[in-house]
Amino acid sequence: MSDPRALVEDLTGDLKRWLPEQRWFAGKDRPVTGVRPLGVTELVAGDPQLLHVVVEVAQGERREPYQLLVGRRTHPPEIASTSWIGAVGDLNAYEASGDLDVTGVLLDLMAREERVGPLVFEHEPGVQLETGLRARPITSEQSNTSLVYGGQYILKLFRKLTPGKNKDLLLHRALQGVGSKHIAPVLGSITGDLDGEPTTVGMLQQFVSDAVDGWAMATTSVRDLMAAPELHPDEVGGDFAGEAERLGRAVAEVHADLAEALGTEPADAAELERSTKAMLTRLDTIAARVPELAAHAPALQAAFERLRTLPADSVTMQYIHGDLHLGQVLRTVGGWLLIDFEGEPAAPVEERHALRSPLRDVAGMLRSFDYAAQQMLVGQPDDPALAERAHEWSARNRTAFCEGYAAIAADPRDQGELLRAFELDKAVYEVGYEHANRPDWLGVPLASIARITSGEG
Ligand SMILES: Nc1ncnc2c1ncn2[C@@H]1O[C@H](COP(=O)(O)OP(=O)(O)O)[C@@H](O)[C@H]1O
Ligand SMILES: O=P(O)(O)O[C@H]1O[C@H](CO)[C@@H](O[C@H]2O[C@H](CO)[C@@H](O)[C@H](O)[C@H]2O)[C@H](O)[C@H]1O
């Protein structure tokens, strides 16, 4: 077998074409101009061969590191056709997270707490991991790639890497420390090296096998409603409002747990000024890339600038989830769990680690109720009656969620202006996210912005 680094060097041309085709690739808004290997570690030698690879992807001035598992072997594994990267010598190379025969090694290395080159595999103190399990990748809409081992463990491999300790891992550990009942326990981690800085590249958690994600439940409820044109949301069997209320309570409890574990800080005027500026900057940046957003810029600017006039002592800052939506919550028999505390994948790392108002999470979830209702309209001809029903579903569940939250903490609706600004800021983020990741969905956040800024939302 050839030198692993040389192998990846040979693949860089293919990777330029292949990377933008991957769901998790976060740079679909501009062409890939170059790919170079930053780190190549052989995890399995021979045939099959498994390499852990970190590449730097250049897109003009932008340079971002991504993690890959690259496999190469004589007998092709049964994997999705989109996993094939290209030929190296007489063998084809492929993204190996779907190769059941080789990915078991990641769990085994963690169970034995081994180090391979720059990669450190560890389990959490006191945890004993089972070895020899095969992994299957999960196929949901994702920014990273997760492998499920024997229905017991789930290993998330972070795709776009940010130097340092990963926020998802840090917050899960903190919540676990205060006994939060709304998370899946962390069992292990993989740390690599990025520019000399130890960097989390993987996190292992207990897999919750009886879980259904909130997005699947909510969109099923919306479909039930659409299938019964004579009924209102509260009359349909699949009404989601009871779940939305319980979810509101769970989110408020997680906020209280994070505050207990990691503390809170009062905001000051300077903080509100920083937030306002950050929202305006994000708007400018995304509007420059997405012309459809520019039309809404004046109304959005006005909503963001009103933040400056709010009393700073009404805002408490703490660690929050940072990218809360219905795809980040799992309904289990024991109640709601929150997952993926990484924050917005497209936001700068320092922003994701900063203390924020918990109302941002509330705003994220409110946006998500809107998304669940509106996504049914994607690609459909305009139908005002359908749009009205979607809006009714969203309004009912947004209210139920806020009521649940208010049963545990202060009612988020009492800070209406702040909440509205956070919702609009989130929708601006979503415009950027959809433009870069899922262009067909761009109309969803744009329609919400139009509705909220016109006072109908
Ligand atoms: N502990 C868990 N148990 C069961 N399923 C999980 C667990 N954690 C995540 N998942 C599933 O994996 C999906 C992706 O996880 P997530 O952490 O959101 O990854 P990403 O960062 O790629 O978005 C979730 O939507 C959920 O369906
Ligand atoms: O789950 P991730 O951390 O990868 O979050 C990113 O992707 C989400 C989509 O998968 C995106 O969420 C947006 O779409 C959801 C429906 O697919 C919807 O429920 C959310 O409300 C909406 O924001 C998220 O913004 C992005 O950061």
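The gain in end-to-end length when the Gln206 to Gln128 segment is fully stretched comes to 26.9 nm, 0.36 nm per residue minus the alpha carbon separation. Counting Lys and Arg as +1 and Asp and Glu as -1 over every other residue whose Cβ lies under 14 Å from the Cβ of Tyr66, the net charge comes to +4.
For Thr12 and Ile408, a Förster radius of 56 Å and the Cβ-Cβ distance give a FRET efficiency of 0.65, rounded to the nearest 0.05. When peptides 223-235, 7-19, 333-345 are sorted by average Cβ neighbour count within 10 Å, with the highest value leading, the order is 333-345, 7-19, 223-235.
Full extension of the chain between Ala269 and Ala450 yields a length gain of 62.2 nm, computed as 0.36 nm times the residue separation minus the alpha carbon distance. Take the Cα of Lys165, step 7 Å toward its Cβ, do the same at Arg23, and the gap between the two points is 3.1 nm. For Lys426, the lysines whose Cα falls under 29 Å of its own Cα, not counting residues fewer than eight places away in the same chain, are Lys28, Lys156, Lys160, Lys165, Lys167, Lys181, Lys277. Here region 322-355 and region 148-223 have alpha carbon centers that stand 10 Å from each other.
Projecting label points 7 angstrom from Cα along Cα→Cβ for Ser2 and Gln301 puts them 5.4 nm apart. Scoring 87-96, 285-294 by mean Cβ neighbours within 10 Å over their residues and listing the highest first yields 87-96, 285-294. Output the relative contact order of the chain, whole-number percent, from Cα pairs under 8 angstrom with separation of 6+ residues. That works out to 13 percent. Taking 7 Å steps out from each Cα toward its Cβ at Asp440 and Val349 produces label points 3.4 nm apart. Enclosing the Cα atoms of region 303-390 in their convex hull gives a volume equal to 173 cubic angstrom per residue. With the convex hull drawn over the C-alpha atoms of region 4-95, the volume per residue is 87 Å³.
Under 1.5 on a/c is rounded, so check that first for region 212-454, then, if it is not, pick prolate when a/b is larger than b/c and oblate when it is not; a ≥ b ≥ c are the square roots of the alpha carbon gyration tensor eigenvalues.
Oblate, since a/c reaches 1.5 and b/c is not below a/b.
Would you tally the net charge around Gly132, using a Cβ to Cβ cut-off of less than 13 Å, leaving Gly132 out, and scoring K and R as +1, D and E as -1?
Details: positive: Arg112, Arg134; negative: Asp101, Asp108, Glu130.
Neighbourhood net charge equals -1.
When Lys and Arg each count +1 and Asp and Glu each count -1, what net charge do the other residues less than 10 Å away from Val120, Cβ to Cβ, add up to? Taking every Cβ under 10 Å from that of Val120, the sum is -3. Set Lys and Arg Cβ to +1 and Asp and Glu Cβ to -1, take the dipole of region 30-90 about its Cα centre, and tell me which of Pro31, Pro76, Gly89 lies farthest positive. The residue sitting farthest along the positive end of the dipole is Pro31.
What the pair-distance distribution of the chain shows, using all Cα-Cα distances binned every 20 Å from zero, is 24, 55, 21, 0 percent. Across q = 0.20, 0.21 Å⁻¹, region 103-206 modelled as identical point scatterers on its alpha-carbon atoms has Debye log10 I(q)/I(0) values of -1.09, -1.19, in the order of the q list. Ranked by the mean number of other Cβ atoms within 10 Å of their residues, highest first, the peptides 205-211, 326-332 come out as 326-332, 205-211. For region 121-159, the residues whose amide N sits under 18 Å from a probe point set 7 Å from the Cα of Arg289 along the beta carbon direction are 142-144, 159.
A short reminder: the numbers here are calculations on the coordinates, not readings from a lab. For clarity, every value in this text was computed on a predicted model and none was experimentally measured. All Cβ positions, even for glycine, are placed from backbone atoms using ideal geometry, and neighbour counts span all protein chains on display.
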